[in-house]
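Data first, discussion second: the structure below is written as structure tokens.
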Amino acid sequence: MQVKKKFIELENITLLYVDVDGLMSFTVVPTALKDAVTDDKFDMQYIRNKGFTHVRNKPMVQIALKGDIGEKEFFAGNCMGNSSSCYEFAYRKQTVKQGKNVTEVVTFFENGKGQVFEHHVKKEIGVNALECFNVIENTAEKEIAVEMISSFSISSISPFCAENDVDNIYLHRLQTNWSAEGKLETFTAADLEMEDSWSSYGIRQARIGSVGSLPCRKHMPFYAVEDRGRNCTWAVSLEAPISWYIDATHHQTSINLTGGITDFETGQFRKILRKGESYRTYSGFVTAVCGGLENAAAALQECYAARLVKTPSEEDIPVIYNEYCFSWGNPDMATLKPIIDKCADLNVKEFVVDVGWWRQDERSWYTFGDWNPSGILFPYGMRELTDYIRSKGMIPGLWFEFEGVSTDSLLFGTHRDYMLTRDGDLIQHRERALLDFRKPEVKEYITEKVIGLLKKENFGYVKIDYNDGLGIGCDGAESYGEGMRRHIEEVMAFIREIRREIPGIVIEICSSGGHRLEPKFLSLADMASFSDAHEGLEGAVIAADLHRYMLPRQMQIWATLRQDYSLARIYFTICKGMLGRYCLSGNLLALDKVKYSAVERSVCFYERLKPTIKNGKTLVNINDNVTSLRHLHGVRYLVRYGEDGTAVAWLFGFGKGRELTVRNECFCDYEIDDAFVYGTAVKETEDSLTIRQTEEDEMIGAVILLKKVDK
């Protein structure tokens, strides 16, 4: 057996291509640890020495074509990896293209049947993570049907030893539900049985994923494996606008991370390629760092930052106001004018009109899809509203949910043929159906109703919501999954069309809060709603959790303020909002002088946080005994480090009391520069921060600006 290793150093990350008797595997390691890689995970002599000879390496080509012979070892029904096609694709060549700012490594494989597989890895200079994707091309006369193709596949973890220390390797993933996004769950490899059986036979699997067009349910498309013995962490994430999976599998001494859109077995995805046709997967993002989970999560975010939309008005990440928790779906001119004036006084720069602006009568605003501005709410048209907002120095925004249609709308009554179907039947969930964006007549209708209205009424911001998914897929293609993929591709194309047609427009993505917090949709938007947990105390915990998953500058967090809140809760709610994109809501007009003064001060204080929110890294993210989101107790704090020697600490405590102290060596080199707190913030010891709240309450919240101590 011959093991040939090829290392390609790309700054702090090294790519490792391993050829074992003609079969190519792929993994990545921190460049600082590349010399520690052994042959053990590749020659698997550890298994062979016990007399077992069924072993073979995991191919870097992960694809399943219709008619393939599947892998044994209990793969069937679990995953479609390691099919016969994976072993048939033979290495042909590799190219390394050096651009001005990007290096791209492309590895080519052919199977001798007319199919070419390309494995792409892209690395941008200064970004400590990789973008990975695959391309399959059919050059044969006969069509093929792709039933699974990965976006990435990282094998041989941990590549520094023969057998993993299963009590010292940790797997991290982010559980998510409606109004409960991004909760960290951590297991040892032993907890998940990620170790060999007595004969090293059989796959062990810990899959996460989602089926449908609400991709961020159950889990976020993120996984990390941490080898604490080597102080090394691998992390992956995935563009996942539709059904997806990420597999953490253990097979023959190694943990492997493989991800992509769903396969045929689990999500009814099958794509036919005729002669000359090719298919490119969505991108995956991969990193390997010296350090722990937070270091790896921050590295992946460098990839997201490099893909950010650069809308000029967003460069200053201005404060936003959304009026939903003020008008509660009844946003008429008389109601909105006073709150617009108040927002202007606060130096708010984006004012968003949420649901209900189309109401023609006393029916619920749940009647939607016709998108005609209400003559009752706006008798002189919506231009009166937008002109007034702009006269106060703000950008006017408008809410849409243009993918959905209520069954009592005029559109549904006259054009049921516009709707998505499955097996010829409408996809309908209670009173809600969904438009088919592949149809030219639908695109024409939506272009007029959305882009036409935004242009005509001079809106500069659009909030795009999506509150119900379409399930496993739809008609109109060779499989339900492919039908859904084509439909969602057209939805995303329409979002890009909005930006082309209205240069400089601000785009917010929402999906019942955080159901579309995945890299593809986030790359289309300036920001996204972090959650629908607008008023509860748990919003602070959710936003803190999401710091390890998405860019805070894209995380719109509502600080909904109510007249009956205690002053402690006013401060707590504002501190929550300042974890990302600070968005005020609620009846600011009803706040007393002291509470309103806190809001005024917060807007000024937020200015000092902006550089760190935009360009910093959250490297400390501690949950101290916060378990339930609805029955809160314990402490939650995090620290985000800026580029100029500053840092920002957010502290949240739950349970009756007036004092909160957190201790961490990360505070040793810093002193307090400023604080937003209802009370005082002090450093009583070198490694601690203490909050003393003016009055006892069930919550404590503070934001502390730290500066490096000169030594």
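So here's what we get for this one:
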item	result
Of the DSSP H helices in the chain, those whose Cα atoms cover at least 30 Å axially and whose Kyte score averages -1.0 or more	480-501, 593-615
Length gained when the stretch Glu501-Asp644 is fully extended (0.36 nm per residue, less Cα-Cα span)	47.7 nm
DSSP-loop chymotrypsin sites (Phe, Trp or Tyr not before Pro) across the range 379-475, with at most 10 other Cβ within 10 angstrom	Tyr380
Accessible surface ranking that places the most exposed of Cys604, Cys303, Cys161 first, with a 1.4 angstrom probe	Cys604, Cys161, Cys303
Simple spin-label estimate for Asp423 and Glu104 in nanometres, 7 Å along Cα-Cβ	4.3
Local electrostatic count, Gly70, Cβ distance below 11 Å [Lys/Arg +1, Asp/Glu -1]	-4
Asn347-Glu489 FRET efficiency (beta carbon distance; Förster radius 51 Å; 0.05 resolution)	0.80
Environment charge at Ala206 (Cβ cut-off 10 Å; Lys +1, Arg +1, Asp -1, Glu -1)	0
Of all accessible heavy-atom area on the range 1-48, the percent that carbon and sulfur account for (1.4 Å)	41
Partner aspartates and glutamates for Lys593 [C-alpha distance under 19 Å; skip if fewer than 8 residues away on the same chain]	Asp341, Asp345, Asp564, Glu695
Interchain or long-range residues, amide H under 5 Å from Val353's placed H	Gly397, Leu398, Trp399
Calculated FRET value between Glu11 and Thr685, using beta carbons and R₀ = 41 Å, to 0.05	0.60
Positive minus negative residues near Gly229 (Lys, Arg vs Asp, Glu; Cβ under 13 Å)	-3
Point-charge dipole on Cβ atoms (K/R +1, D/E -1) for the range 240-330, about Cα centre, debye to 20	640
Cβ charges +1 (Lys, Arg) and -1 (Asp, Glu), total dipole of the range 626-689, debye	700
Carbon + sulfur, % of accessible area of the range 182-238 - ligands and nucleic acids excluded, 1.4 Å	46
For a label point 7 Å along the Cα-to-beta-carbon line of Ser313, residues of the range 493-526 with backbone N under 11 Å	503-507
Per residue accessible area in Å² of the chain, where ligands, DNA and RNA are left out and the probe is 1.4 Å	36
Efficiency of FRET from Cβ geometry, Leu589 and Asp370, R₀ 45 Å, rounded to 0.05	0.90
For P(r) over Cα pairs in 20 Å bins from 0, in percent, calculated from these coordinates, the label among (1) 15, 30, 24, 20, 10, 1; (2) 16, 38, 18, 12, 9, 5, 2, 0; (3) 17, 48, 30, 5, 0	(3)
Rel. contact order, % - alpha carbon contacts under 8 angstrom, at least six apart, the range 635-683	23
Filtered GluC sites (Glu not before Pro), the range 318-422: DSSP coil and at most 14 other beta carbons within 10 Å	Glu362
Met333 paired with Glu265, simple spin-label distance in nm, labels 7 Å along Cα-to-beta-carbon	6.2
Carbon plus sulfur fraction of accessible area for the range 460-601, probe 1.4 Å, in percent	46
Inter-probe distance in nm under a simple model that places probes 7 Å from Cα toward Cβ, at Asp35 and Asp167	3.2
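The values are calculated or read from the model by the stated rules, or taken from the named source; none is laboratory data. Since this is a predicted model, take the numbers as computed values, not measurements. Please note: Cβ atoms are built from the backbone with ideal geometry, for glycine as well, and neighbour counts cover all protein chains shown. Protein only, heavy atoms only, side chains kept; ligands, DNA and RNA dropped before computing areas. Shrake-Rupley method; radii C 1.70, N 1.55, O 1.52, S 1.80 Å.
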